[in-house]
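Reviewing the structure listed below.
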Amino acid sequence: MSSISIRFPRVHARSGTNSVPPTDFIIGTWHVTHSTLPLWKGKRNVNITYKLLPADPAGVQKIDDLVQYQSIDSEKIKSVHGVDTPTSGNPGAWDWRGKGWLMIASSHWECLGFGHTGDDNQWIVTYFDKTLFTPAGIDVYSRNKEGLPQATVDQILDALKGLGVKDITDLANSVFQVPQN
């Protein structure tokens, strides 16, 4: 397996540029297999589906963002729906705004790393800023519901800690597995 490369979140950015995933890499369904978000404790089968929306009149390519999940003890599927707008001047970052009654909610998230595993699975590490409703955090996504090999997860967490930023290290140390079944 190749080494894992993680970039600094904009809030902790240093000079230099890091690669960001092309939008077509992000499009599709991802399974949130690891997280620091307290909301996902007691939840399972958390997944996010990203779909391209038609470009707006200014040519901005937004993304439809649908999160679905279940409580550990329920078969009912709950969802959170929003739209991601690319963050100006920060490639690989988006500003999310809720749809419907969640229109008052917003957040900022960015891709810190992405790649492929040896078994043709893909992964993304996202960082999200603190909001009125959630603390800052990290999610690890996998294309496969079964998740990533533990060695890949360990490499991702080590790369996050390797940034040398206390806030990110603290988050990496508090990552928990989100059940998928």
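The values are calculated or read from the model by the stated rules, or taken from the named source; none is laboratory data. Keep in mind it's a predicted model, so treat the numbers as computed, not measured. Every residue, glycine as well, gets a Cβ built from its backbone with ideal geometry; the counts of neighbours run over all protein chains shown. Heads up: the accessible areas ignore ligands, DNA and RNA and are worked out on the full protein's heavy atoms, side chains in. Shrake-Rupley method; radii C 1.70, N 1.55, O 1.52, S 1.80 Å.
Straight-line cross-link reach from LYS51 at under 16 Å between alpha-carbon atoms covers these aspartates and glutamates, not counting any fewer than eight positions away in the same chain: ASP24, ASP64, ASP65, ASP84, ASP95.
Using the heavy atoms of the protein chains and a 1.4 angstrom probe, tell me the accessible area per residue for region 87-145 in square angstrom.
Working: 2820 Å² over 59 residues.
With the other protein chains kept in place, region 87-145 gives 48 Å² per residue.
Give me the one-decimal Kirkwood hydrodynamic radius in Å for the chain, with the sum taken over alpha-carbon pairs. Write out the running numbers ahead of the final one.
Numbers: mean 1/r = 0.0598 Å⁻¹.
So the Kirkwood estimate lands at 16.7 Å.
Rank by packing, highest mean first: peptides 129-142, 50-63, with packing defined as the count of other Cβ atoms within 10 Å averaged across residues.
On the way: 129-142: 17.6, 50-63: 11.5.
Packing proxy ranking, top to bottom: 129-142, 50-63.
Given only helices, namely DSSP H runs of n ≥ 4 each adding -39500 (n - 2.57), what is the per-residue ellipticity at 222 nm of the chain, to the nearest 500 deg cm²/dmol? Each step should come with its number before you reach the end.
Working: 3 runs with 24 residues, N = 181.
So the helix-based figure for the chain works out to -3500 deg cm²/dmol.
In the chain, carbon and sulfur make up what percent of the accessible area (probe 1.4 Å)? Before the final figure, lay out the partial values.
Working: 5050 of 9390 Å².
Within the chain, the accessible surface is 54 percent carbon and sulfur.
Taking label points 7 Å from Cα along the Cα-to-Cβ direction, ILE72 and HIS116 give a separation of 3.7 nm.
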